[in-house]
1. So which residues in region 166-182 are out of contact with any Ser or Thr (no Cβ under 9 Å at 6 or more places or on another chain), modelled with pLDDT under 95 and not hydrophobic (A, V, I, L, M, F, W, C)?
2. Quick check on region 113-127. Is at least one of its residues modelled with pLDDT of 65 or more and aliphatic (A, V, I, L, M)?
3. Which one of Ala214, Ala185, Ala193 is modelled with pLDDT of 95 or more, surrounded by fewer than 16 Cβ atoms within 10 Å (Cβ to Cβ) and within 20 Å of Leu61 (Cβ to Cβ)?
4. Kindly list, by first and then second residue, each pair from a residue in region 78-89 that is more than 15 Å from Ala49 (Cα to Cα) and in contact (Cβ under 8 Å) with a residue 24 or more places away in the chain to a residue that is surrounded by 15 or more Cβ atoms within 10 Å (Cβ to Cβ) and among the aromatic types (Phe, Trp, Tyr), limited to pairs with Cβ atoms under 9 Å and residues at least 6 apart or on different chains.
5. Among the residues that make up region 35-42, is at least one of them modelled with pLDDT of 75 or more and either more than 21 Å from Leu154 (Cα to Cα) or not in a helix (DSSP H, G or I) (or both)?
Amino acid sequence: MASDLPTSGNQPSDVALDLPIHLIHASRSPEGPATATSSPDLSPERLTAEEPRLRRLIHRLLGWPTSRVDVDDIVQETLLAAWSNRRRFRAEASVTTWLHAIAVNQTRRHERAARRRRRFFRWFGAASEPTTIDTPNDATELATTSTQRALRLLAHDQREILVLRYLEQQPIPTIADLLGCTRNAADARLTRARRKLRALLHGSSATAGTDQPA
């Protein structure tokens, strides 16, 4: 059956994803898309110049947490890992894409640790620290908060690919490289994640992602 959702060969569709148009516009970086570098300029200054992009990406991958502590930690771990492995950087690649791949992996490690902590708290009947969300005070803010809440309810791998495709505006080949999978696998994951998000946005929480094995 033909799908009304965008395919990997098309530009991302805000309407098909059901993301509010103002959220998409707000998410786009004024700096524009990443471009490839002509030389492996990986000085500390070059790496730290990417910090705003990294912070934005990690904040989204974590589901817009209200605390900056986790985001700060992952940004620092990403920059440290990049500096420690700077000799592995290839000049024909994009510095931004290379750093984003490291950030994706660091965020996954953080999420696995967080799942283990949540299971530990459940086993011993303790409550982990709740995530708070500011109460929206107008219709526009409500729409943004509802969409972010739906994305937050997804399993990390589902939120991850939606963030990379629709908020970071990455093409499928780049996403496949970032996630370390084939293009077909990235396409399949994107389709499943869109289906889950659409169900959540239409009020079906039964299909939301759950904690996965660490």
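1. Gly180
2. Looking for residues that are modelled with pLDDT of 65 or more and aliphatic (A, V, I, L, M), one finds at least one in region 113-127, hence yes.
3. On the way: Ala214 fails: modelled with pLDDT of 95 or more; Ala193 fails: surrounded by fewer than 16 Cβ atoms within 10 Å (Cβ to Cβ).
The unique qualifying residue is Ala185.
4. Phe89/Trp98
5. Within region 35-42, the first condition is being modelled with pLDDT of 75 or more, and the residues that meet it are 42.
So of that shortlist, the ones also either more than 21 Å from Leu154 (Cα to Cα) or not in a helix (DSSP H, G or I) (or both) come out as 42.
Checking region 35-42: at least one residue is modelled with pLDDT of 75 or more and either more than 21 Å from Leu154 (Cα to Cα) or not in a helix (DSSP H, G or I) (or both).
The values are calculated or read from the model by the stated rules, or taken from the named source; none is laboratory data. In this text the structure is predicted, and so the values were computed from the model without any measurement. Glycine also receives a Cβ, built like all others from the backbone with ideal geometry; neighbour counts cover every protein chain displayed.
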